[in-house]
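Worksheet: the structure to be examined is printed underneath.
The values are calculated or read from the model by the stated rules, or taken from the named source; none is laboratory data. In this text the structure is predicted, and so the values were computed from the model without any measurement. Glycine gets a Cβ as well: all are built from the backbone with ideal geometry, and neighbour counts include every protein chain shown. Areas reflect the complete protein model, heavy atoms only, side chains present, ligands, DNA and RNA absent. Shrake-Rupley method; radii C 1.70, N 1.55, O 1.52, S 1.80 Å.
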Amino acid sequence: MKPFRYDRAGDISGAVATLAGERAGVFLAGGTNLVDLMKLGVMEPDVVVDVRRLTSAEIEDLPDGGLRIGAAVTNSDLAADRRIRYRYPVLSQALLSGASGQLRNLASTGGNLLQRTRCVYFYDTTTPCNKREPGTGCSALEGCNKDHAILGASGRCVATHPSDMAVAMTALDAVVRTRGPGGEREIPITELYRLPGQEPQRDTTLEHAELITAVDLPPLAFSSNSRYRKVRERASYAFALVSVAAALQVQDGVVRDVRIALGGVAHRPWRARKAEDVLRGRPAGEERFRAAAGAELADAAPLRDNGYKVPLARNAMTRTLLNLSGEQ
Ligand SMILES: Cc1cc2nc3c(=O)[nH]c(=O)nc-3n(C[C@H](O)[C@H](O)[C@H](O)COP(=O)(O)OP(=O)(O)OC[C@H]3O[C@@H](n4cnc5c(N)ncnc54)[C@H](O)[C@@H]3O)c2cc1C
Ligand code: SF4
């Protein structure tokens, strides 16, 4: 492991200022992803700035009926919060489907959002990887790509985003609050993550030294009727091959409103707006749900080993919507 300097700033401004002056510096929260990457030589920062005690570890009620989640709230605390469990069950379920109890006790809201891809070549420093080392090539294109993206990929990178929590937050239209060298920002989560394009080394639209301070969940009248379905290779302790986060409002047999996001299919949590458009104002039912899933996946471009994700995503979306509509 390369030697590095550990810095514990006194406040948020100090942490941002310290990192702004260190091009090869990073923030450290729970360390459950960052420290692994440092041990493997995938990330080699000169400085790590510990922010775990700087941001809020509270979940606050907002005047509009939403919730503000401090960036230091642990995944365990967030999943267990009564307001989350009853008002946003999709988020609680997504968190509980991820990692293990011990990891969730340490993992933070900010760190979970910014965890890096689980592409095996990204972790293997003996192989080319444009995300780890821009310009070297993408080993997954001709390598083992069964876990990789079917939507929105580029010739430079076909990785997927690994976070379950972020998929649920994408369905819920969460807003990420940040403080950086240029001041404060509120970023809709659908604008936080990037597609790989020509710069797969950039996961997000955040600037260097921009700290996530909190995440706001807006109120959503039907978010209590929401759920998370995760398909993986074993029952626990595995990342999603495909996942679905959905909230559904059906009245008199008609879909009044719906939110859907997919995980495991793209470089970012994938908001399924085409499927939502097919559903709104139309009769609820298996045929319509399957048509909506088909519309979303029409642009899927599977690789050699991951064609199975297309029917898997279609079936997972259809089944999740059926469960939510009560039509089991
Ligand atoms: C064995 C194992 C299994 C796992 N399984 C799953 C799973 O099934 N599903 C899932 O979703 N996750 C899974 N994870 C990942 C886990 O959820 C993440 O490691 C964790 O959420 C990261 O949070 P952290 O606080 O430890 O972040 P850290 O490791 O400290 O940081 C992660 C990244 O975020 C940056 N960062 C941290 N906080 C901030 C902030 N406030 N502002 C800006 N940047 C920040 C850091 O610089 C770093 O780049 C697994 C991890 C392991 C080790
Ligand atoms: S898919 Fe992305 S992360 Fe994986 S090897 Fe290719 S460039 Fe690297």
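Quick notes on this structure:
- Looking at region 197-264, the chymotrypsin sites (Phe, Trp or Tyr not before Pro) that sit in a DSSP loop and have at most 10 other Cβ atoms within 10 Å of their own Cβ are 237.
- Taking amide H atoms as placed 1.01 Å from N in the peptide plane, the amide H of residue 27 lies under 5 Å from those of 49, each 5 or more residues away in sequence or on another chain.
- Here the label points at residue 256 and residue 36, each 7 Å from Cα along the C-beta direction, are separated by 4.2 nm in the simple model.
- Helix content alone sets the calculated 222 nm mean residue ellipticity of the chain: runs of n ≥ 4 DSSP H residues at -39500 (n - 2.57) each, divided across all residues, give -8000 deg cm²/dmol.
- Exposure check, 1.4 Å probe, all protein chains in place: residue 233 carries approximately 130 Å² of accessible surface.
- For region 1-112: rounded, prolate or oblate by the Cα gyration tensor [a/c cutoff 1.5]: oblate
- Estimated inter-spin distance, residue 125 and residue 56, nm [label 7 Å along Cα→Cβ]: 3.9 nm
- Per residue value of the accessible surface for the chain (all protein chains in place, 1.4 Å probe), Å²: 43 Å²
- Region 117-181 versus region 1-40: alpha-carbon centroid distance in Å: 21 Å
- Neighbourhood charge, 13 Å Cβ-Cβ cut-off, centred on residue 120 and excluding it, Lys, Arg +1 and Asp, Glu -1: +2
- Carbon and sulfur %, accessible surface of the chain computed with the full protein complex present, 1.4 Å: 48 percent
- Cα shape, region 96-150, gyration tensor, a/c 1.5 rule: prolate
- Once the Cα gyration tensor of the chain is diagonalised, semi-axes √(5λ) in Å: 32, 25, 16
- Residue 198/residue 80 FRET efficiency (R0 30 Å; Cβ-Cβ; nearest 0.05): 0.10
- The overall shape of region 165-269 is oblate: from the C-alpha gyration tensor, with semi-axes ordered a ≥ b ≥ c, the ratio a/c is 1.5 or greater and a/b is no larger than b/c.
- Count of Lys pairs (Cα-Cα under 26 Å; at least 8 positions apart or interchain) in the chain: 13
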